[in-house]
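Colleague: Have a look at this one.
The values are calculated or read from the model by the stated rules, or taken from the named source; none is laboratory data. Just so you know, these numbers come straight off a predicted model, no measurement behind them. Here the Cβ is made from the backbone with ideal geometry for all residues, glycine too, and neighbour counts use every protein chain on show. For accessibility, only protein heavy atoms count, side chains too; no ligands or nucleic acids. Shrake-Rupley method; radii C 1.70, N 1.55, O 1.52, S 1.80 Å.
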Amino acid sequence: MDRLYQQLGIDPDTSKLAESTLATLRERFDEIDRNAEINQLKVIKAMQDAKVSEACLYGTTGYGYNDIGRDTLERVYAEYFHTEDALVRPQITCGTHALALALMSNLRPGDELLSPVGKPYDTLEEVIGIRESKGSLKEYGITYSQVDLLPDGEFDYEGIKNAINDKTRMMTIQRSKGYETRKTLSVKRIGELISFAKSIKPDLICMVDNCYGEFIETIEPSDVGADMVVGSLIKNPGGGLAPIGGYIAGRKDCIENAAYRLTSPGLGKEVGASLGVLKDFYQGFFLAPRVASNALKGAIFAAAMFEQAGFRVVPDSKESRHDIIQSVTFGTPEGVIAFCEGIQSAAPVDSFVTPEPWDMPGYDAPVIMAAGAFVSGSSIELSADGPIKPPYAVYFQGGLTFEHAKFGIMKAYQSVKNAGLIK
Ligand SMILES: *Cc1c(COP(=O)(O)O)cnc(C)c1O
């Protein structure tokens, strides 16, 4: 094994450090395996309860009327998330689209959207109109208010209470930290926040941006009062196999609104051919608990490796986890770039290219992304990205197998070390 690692560009010192680091994480990994087992059973139960049959694996074309595979898959998601209904479609192009759809279809002119957990994910700034953009909620007369987390990371209950007014129709809660260095919210804390908000305004629609959070705990935000949970299929629930797609699971009326917006008033869920993606959607969802747990182990291993080297890591290697994201703060652009180069060089696809920062649509600073994925841009596959702006933190996630995640982190560590950034 050492020889193979050397052939792949890892020094013996780095290999040794990786092994000794891993030895300290065994107990933690056992606990993750137990959760994966629970979630695997939950998924199998959802598939059985929805009566998935072989016929469901074949798709439709054209209008997609009577697409039994599509409709059954939406049942599977609804069963797993314990919601009344779900919309799971290849026509939802990405996570941002799924979130935009959930928002735009359930808000009307004059309504207000509240984020009680601070600034939402970068791409949502344009959806909401925090940053000027064509077609934003703001353009349609939907206002936005935000209450930041307190300095210690707690909810500002007083501020939230004051922010909820007659116009407040919907609340958006982002589970994962995104490109922030705050902590990710546990499902339990999300539940407390929803209960509080609904005690003030019972008909408030509570939406959770569930990106990167699926299968990390054994309950989901929809188990603690969320009216909609929303995510991307090229993250956790696609299990690495879904080639495109997004989902919204939730209350029947909310999903109905989303379906009429996605297709057309009058058509709703009845149209939308599934083409050839259903088998991958089903099989990906089936594999997702294991895949998400592999990624989770990778994140913890990364935290442990870079913590020892003296970098700030969020979360640290000991604390509880609620998503698969690992941030490492380097404080310099060089650190971010070296880390991403290391991840890229560990990829099965495009390992020989050098990632560079660029002005990606939807982001306000150049972003560097490392990904050598089978599905373009898939971040359940081993990947890293970071905006080139202070505090110069990199966000690492994914790994379909733990072995690959481990190797990627060793390459990233080696790359940062080769750049002279580890003492
Ligand atoms: C990835 C992500 C999104 C947006 O998803 P895309 O598929 O990249 O459009 C939104 N919110 C969070 C927290 C995310 O991690």
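Colleague: Any idea how far apart S376 and Y157 come out in nm if each label point goes 7 Å out from Cα toward Cβ?
Modeller: 4.9
Colleague: Then there is this: Past the 25 Å Cα-Cα mark, which pairs from K119/K198; K16/K389; K119/K161; K183/K252; K188/K235? Could the numbers behind the result be given before it?
Modeller: Working: K119/K198 21 Å; K16/K389 33 Å; K119/K161 18 Å; K183/K252 31 Å; K188/K235 22 Å.
Checking Cα-Cα distances, K16/K389; K183/K252 exceed 25 Å.
Colleague: On the accessible surface of the chain, probed at 1.4 Å, how many percent belong to carbon and sulfur atoms? Please list the in-between numbers first.
Modeller: Numbers: 9370 of 17310 Å².
Exposed carbon and sulfur together represent 54 percent of the surface.
Colleague: By its C-alpha gyration tensor, with a ≥ b ≥ c as the square roots of the eigenvalues, how is the stretch 62-275 shaped: rounded for a/c under 1.5, else prolate for a/b larger than b/c, else oblate? Show your work: numbers first, answer last.
Modeller: Numbers: a/c = 1.70, a/b = 1.41, b/c = 1.21.
Prolate is the answer for the stretch 62-275, as a/c is 1.5 or above and a/b outweighs b/c.
Colleague: Given the chain, what percent of its DSSP beta bridges are antiparallel, to the nearest 5? Don't skip to the answer; put the middle values down first.
Modeller: Numbers: 26 of 41 bridges.
So the antiparallel bridges in the chain amount to around 65 percent.
Colleague: With only alpha-carbon atoms in the gyration tensor, what are the semi-axes of the equivalent ellipsoid for the chain, in Å, largest first? Walk me through the numbers before you get to the answer.
Modeller: On the way: eigenvalues 238, 131, 79 Å².
Each semi-axis is √(5λ); the values are 34, 26, 20 Å.
Colleague: State in Å² the accessible area per residue of the chain; use a 1.4 Å probe, count heavy atoms of protein chains only, and round to the nearest integer.
Modeller: With all protein chains present, the chain gives 41 Å² per residue.
Colleague: Antiparallel DSSP bridges in the stretch 62-275: what percent, to the nearest 5? Walk me through the numbers before you get to the answer.
Modeller: On the way: 10 of 25 bridges.
Looking only at bridges with both residues in the stretch 62-275, the antiparallel portion is about 40 percent.
Colleague: Given a Förster radius of 56 Å and the C-beta distance between Y260 and Q7 as r, what FRET efficiency does 1/(1 + (r/R0)^6) yield to the nearest 0.05? Could the numbers behind the result be given before it?
Modeller: Values: r = 56 Å, r/R0 = 1.00.
E between Y260 and Q7, to the nearest 0.05, is 0.50.
Colleague: Which aspartates and glutamates, if any, have their Cα less than 12 Å from the Cα of K279, not counting same-chain residues under 8 positions apart?
Modeller: The reachable aspartates and glutamates, counting only those whose Cα sits under 12 Å from K279, are E54.
Colleague: If you don't mind, there's one more thing I want to ask. From the square roots a ≥ b ≥ c of the eigenvalues of the alpha-carbon gyration tensor of the stretch 275-394, which class results: rounded (a/c under 1.5), prolate (a/b over b/c), or oblate?
Modeller: Details: a/c = 1.94, a/b = 1.26, b/c = 1.53.
Verdict is oblate for the stretch 275-394.
Colleague: Please turn the phi angles of the stretch 304-315 into ³J(HN,Hα) values with the Karplus equation 6.51 cos²θ - 1.76 cosθ + 1.60 (θ = phi - 60°), one per residue in order, whole Hz, x for glycine and proline.
Modeller: Values per residue, Gly and Pro as x: 5, 5, 7, 4, 4, 7, x, 8, 6, 10, 10, x Hz.
Colleague: Any idea of S379's accessible area? Nearest 10 Å², probe 1.4 Å.
Modeller: Accessible area, nearest 10 Å²: 10 Å².
Colleague: Let me ask something additional. Can you list residues from other chains, or at least 5 along the same chain, whose modelled amide H is less than 5 Å from the amide H of R312?
Modeller: Amide H to amide H, under 5 Å and 5 or more residues apart or across chains, R312 pairs with T329.
Colleague: Okay, moving on. Starting from the Cα of K167, draw a straight line to each of the aspartates and glutamates and keep only those under 16 Å, dropping any in the same chain fewer than 8 residues away.
Modeller: Of all the aspartates and glutamates, those that pass the test against K167 - Cα under 16 Å, at least 8 places apart if same chain - are D111, E112, D203.
Colleague: Taking amide H positions as placed in the peptide plane 1.01 Å from N, state which residues far from S145 in sequence (5 or more) or on other chains have amide H under 5 Å from it.
Modeller: Correct list: L113, L114, S115.
Colleague: Suppose every K and R has +1 on its Cβ and every D and E has -1 on its Cβ; what is the size of the dipole of the chain about the Cα centre, in Debye to the nearest 20?
Modeller: On the way: 43 positive and 56 negative charges, 40 e Å.
Roughly 200 debye for the chain.
Colleague: When a/c is below 1.5 the answer is rounded, else prolate if a/b is larger than b/c, else oblate, so apply that to the stretch 154-288 with a ≥ b ≥ c taken from the square roots of the Cα gyration tensor eigenvalues.
Modeller: Working: a/c = 2.55, a/b = 1.40, b/c = 1.82.
Oblate, since a/c reaches 1.5 and b/c is not below a/b.
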